[in-house]
1. For segment 76-155, what number results from the quotient of the Cα radius of gyration and 2.2 N^0.38 Å?
2. If r is the Cβ-Cβ distance from residue 118 to residue 32 and R0 is 25 Å, what FRET efficiency results, to the nearest 0.05?
3. Whole-Å semi-axes of segment 81-126's equivalent ellipsoid, largest first, each the root of 5 times a Cα gyration tensor eigenvalue?
4. In the neighborhood of residue 242, defined by Cβ-to-Cβ distances under 14 Å, what is the net charge if each Lys or Arg adds +1 and each Asp or Glu adds -1?
5. For the chain, evaluate the Debye formula with one uniform point scatterer on each Cα (no solvent term) and list log10 I(q)/I(0) at q = 0.08, 0.09, 0.11, 0.15 Å⁻¹, rounded to two decimals.
6. Could you tell me the relative contact order of the chain? Use alpha-carbon pairs under 8 Å, at least six residues apart, and round to a whole percent.
7. So how much slack lies between residue 264 and residue 173, counting 0.36 nm per residue of separation and subtracting their Cα-Cα distance, in nm?
8. What is the P(r) of segment 100-195, as percent of Cα-Cα pairs per 10 Å bin from 0?
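Read-outs: derived from the displayed coordinates by stated rules, not from any lab. Keep in mind that this is a model prediction, so the values were computed, not measured. Here the Cβ is made from the backbone with ideal geometry for all residues, glycine too, and neighbour counts use every protein chain on show.
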Amino acid sequence: MPSSLELPQLEQNTLPHIQSGAPPALQTQALARPLPRDVQVWELHLDQPPPNAMQVLDRSEHARALRFVHDLHRNRYIAAHAWLRRILGSYLQRAPQDLQFVIGPYGKPELSQSEQASAETGPLHFNLSHSNDIALLAVSTDMAIGVDIEALRPGLPDATLATGVLTAAELAELEQLPAGQRTAVFFACWARKEACMKALGLGLALEPRRLHVGMTVQRQQVHLQQSHVPLDLARLPCRDGYAAALAGVGGFGRVTLQSVGELSRRLN
Ligand SMILES: CC(C)(COP(=O)(O)OP(=O)(O)OC[C@H]1O[C@@H](n2cnc3c(N)ncnc32)[C@H](O)[C@@H]1OP(=O)(O)O)[C@@H](O)C(=O)NCCC(=O)NCCS
């Protein structure tokens with residue numbers, strides 16, 4: 001059963017850098033929701049948080065923010081979750097700080113049932129992924145989705161990582177590649193695997209070596225025992241030095257990339 005994201009109460013002002021001020025006003029201008037089967041993917045720059053970022057987070061998010069050792073990581077977490085709330089709030093025409101989430105049995109956050117039921121605009125599915133200063137937020141109206149972005153890490157994969165996560169056929173494909181291509185191809189493959197794991201809500205409970213996605217496929221259908229319907233899987237364009245992918249249960253239509261520029265101007 002999903003459990004609530006709520007954590008024990010925190011003392012006020014335990015984060016000294018939290019700015020005070022009135023909570024953000026209800027957003028009046030709704031974002032246009034994706035059409036059925038379509039997916040909107042938002043690119044978020046985590047070193048540019050929305051205004052009043054801390055004030056839209058709930059206690060559990062404050063508690064998580066507190067646990068980061070480095071300010072850089074804390075601030076990026078805050079920015080990612082503030083943008084998540086701002087964007088979902090704009091679709092649902094709800095105040096971002098009022099949104100309630102539940103966590104699935106393997107950690108996947110979703111909007112709560114009551115949130116979905118009370119939304120006059122209809123349900124929303126989302127998934128978030130972050131890497132360094134960039135995050136992707138995928139949004140759909142009618143389909144479980146998973147998104148993943150990975151910064152390429154030079155020198156990887158080493159033998160332990162590759163044999164730990166790739167199928168035998170994928171390993172063979174990787175070994176055929178020129179050495180200079182292996183890092184980018186591996187991380188693109190890994191992003192596609194994680195997007196699948198995240199669409200199903202399973203995370204690493206889905207053993208990556210049992211999930212064959214190949215090394216260089218751009219778009220494909222993946223059939224899994226865990227799912228009654230196939231997963232649609234595609235690479236996503238992203239900035240140099242990163243790999244990204246999107247997976248949707250049952251198959252997606254048009255995928256559009258969104259930037260927060262206009263939303264950001266409306267909030268300022
Ligand atoms: C969910 C998981 C698969 C994604 O981890 P990740 O790549 O580190 O993180 P991402 O940024 O892509 O995704 C994290 C977000 O996905 C969401 N998420 C968490 N669990 C999830 C699940 N089971 N299913 C779908 N989404 C999930 C959350 O929104 C989370 O964001 P938050 O932590 O800010 O709340 C995680 O279980 C994991 O541990 N991955 C392993 C990473 C790893 O070992 N990499 C090495 C290989 S190169």
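1. On the way: Rg = 13.5 Å, N = 80, 2.2 N^0.38 = 11.6 Å.
Against the empirical 2.2 N^0.38 Å value, I get 1.16 for segment 76-155.
2. Details: r = 20 Å, r/R0 = 0.80.
Approximately 0.80, to the nearest 0.05.
3. Values: eigenvalues 54, 33, 14 Å².
Each semi-axis is the square root of five times an eigenvalue, giving 16, 13, 8 Å.
4. Working: positive: 153, 192, 235, 239; negative: 43, 133, 148, 150, 194, 240.
Cβ neighbours under 14 Å give a net charge of -2.
5. With no solvent term, the Cα-only Debye profile gives -0.33, -0.42, -0.63, -1.14.
6. Relative contact order, the chain: 21 percent.
7. Values: separation 91, 0.36 × 91 = 32.76 nm, distance 4.32 nm.
Extending this stretch completely gives an extra 28.4 nm.
8. P(r) over segment 100-195, rounded to whole percents: 14, 36, 25, 17, 8, 1.
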